[in-house]
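Student: Before I ask anything, here is the structure I am working with.
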């Protein structure tokens, strides 16, 4: 299974010490160079920055078709470089799944026919695979510790989907 990730799922899972869920669910995660740079080439320590540099199961790849990245960025004004590269890389690799939380990025990825899930979907899948007993404490931890934003409606919907 080929899984390409944007920044948010990695940083948020790392912030609550649950990054290993990605390896357990997908074996390997591929990130584009822009995502790597968003995490590593900043002045402050970003959760997951050390891991993307050291964990063998997180691979960084450069997007070959830079024109595709430009087209994606220009198609939606609020698509950042990391999101655009994640979508372009997923297209190049014919990825099975893209991990992305930002709504606009998800819309663009879906418009290209990519299968997309976000961090909350990862948690639901982890519960279904018996990797975690419940999702609610992890969502609460994301909100409190990682400043993860989730509407009350989505929060309740995820708990319902997870059977909690």
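The values are calculated or read from the model by the stated rules, or taken from the named source; none is laboratory data. Only a predicted model underlies this, so the values are computations on that prediction, with no experimental measurement involved. All Cβ positions, glycine included, derive from the backbone under ideal geometry; neighbour counts span all protein chains shown.
Student: Tell me, yes or no, whether the range 50-64 has at least one residue that is at pLDDT below 95, more than 23 Å from residue 23 (Cβ to Cβ), touching a helix residue (DSSP H, G or I) at 6+ places or on another chain (Cβ under 9 Å) and surrounded by fewer than 19 Cβ atoms within 10 Å (Cβ to Cβ).
Tutor: Looking for residues that are at pLDDT below 95, more than 23 Å from residue 23 (Cβ to Cβ), touching a helix residue (DSSP H, G or I) at 6+ places or on another chain (Cβ under 9 Å) and surrounded by fewer than 19 Cβ atoms within 10 Å (Cβ to Cβ), one finds none in the range 50-64, hence no.
Student: Now, a different point. Which of the residues spanning the range 122-149 are surrounded by 13 or more Cβ atoms within 10 Å (Cβ to Cβ), at pLDDT below 95 and under 15 Å from the mean Cα position of the chain (by Cα)?
Tutor: Of everything in the range 122-149, those that are surrounded by 13 or more Cβ atoms within 10 Å (Cβ to Cβ), at pLDDT below 95 and under 15 Å from the mean Cα position of the chain (by Cα) turn out to be 146, 148.
Yes/no matrix, rows are residues, columns are (1) buried (at least 17 other Cβ atoms within 10 Å of the Cβ); (2) modelled with pLDDT under 95:
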position: 39; (1), (2): yes, yes
position: 47; (1), (2): yes, yes
position: 66; (1), (2): no, yes
position: 73; (1), (2): yes, yes
position: 93; (1), (2): no, no
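Student: Continuing with this model, one more query. Those residues that are over 18 Å from residue 59 (Cβ atoms), touching a residue at least 24 places away in the same chain (Cβ under 8 Å) and not in a loop (DSSP other than H, G, I, E, B), I need them from the range 86-108; list them, please. Outline the logic, then answer.
Tutor: As a first pass, look at the range 86-108 and keep what is over 18 Å from residue 59 (Cβ atoms): 101-108.
Next, from what is left, pick out any that are touching a residue at least 24 places away in the same chain (Cβ under 8 Å): 101-102, 104-105, 107-108.
Passing the criteria: 104, 105, 107, 108.
Student: Taking the conditions exactly as written (assigned to a helix (DSSP H, G or I) and out of contact with any strand residue (DSSP E or B) (no Cβ under 6 Å at 6 or more places or on another chain)), does residue 126 satisfy them or not? Spell out how you get there, then give the answer.
Tutor: Working: assigned to a helix (DSSP H, G or I): yes; out of contact with any strand residue (DSSP E or B) (no Cβ under 6 Å at 6 or more places or on another chain): yes.
For residue 126, the condition - assigned to a helix (DSSP H, G or I) and out of contact with any strand residue (DSSP E or B) (no Cβ under 6 Å at 6 or more places or on another chain) - is met.
Student: Inside the range 106-116, can you point out the residues that are buried (at least 18 other Cβ atoms within 10 Å of the Cβ) and in contact with a strand residue (DSSP E or B) (Cβ under 8 Å, 6 or more places away or on another chain)? Walk me through how you get there before you give the answer.
Tutor: Keep residues of the range 106-116 that are buried (at least 18 other Cβ atoms within 10 Å of the Cβ), which gives 106, 108-109, 114, 116.
Matches in the range 106-116: 106, 109, 114, 116.
Student: Sort through 66, 91, 99 and tell me the only one that's under 13 Å from the mean Cα position of the chain (by Cα), on the phi < 0 side of the Ramachandran plot and outside the structural domain of residue 144 (by TED's automatic domain parsing). It would help to see each step written out before you state the result.
Tutor: Values: 66 fails: under 13 Å from the mean Cα position of the chain (by Cα); 91 fails: under 13 Å from the mean Cα position of the chain (by Cα).
Selected residue: 99, the only one of 66, 91, 99 that is under 13 Å from the mean Cα position of the chain (by Cα), on the phi < 0 side of the Ramachandran plot and outside the structural domain of residue 144 (by TED's automatic domain parsing).
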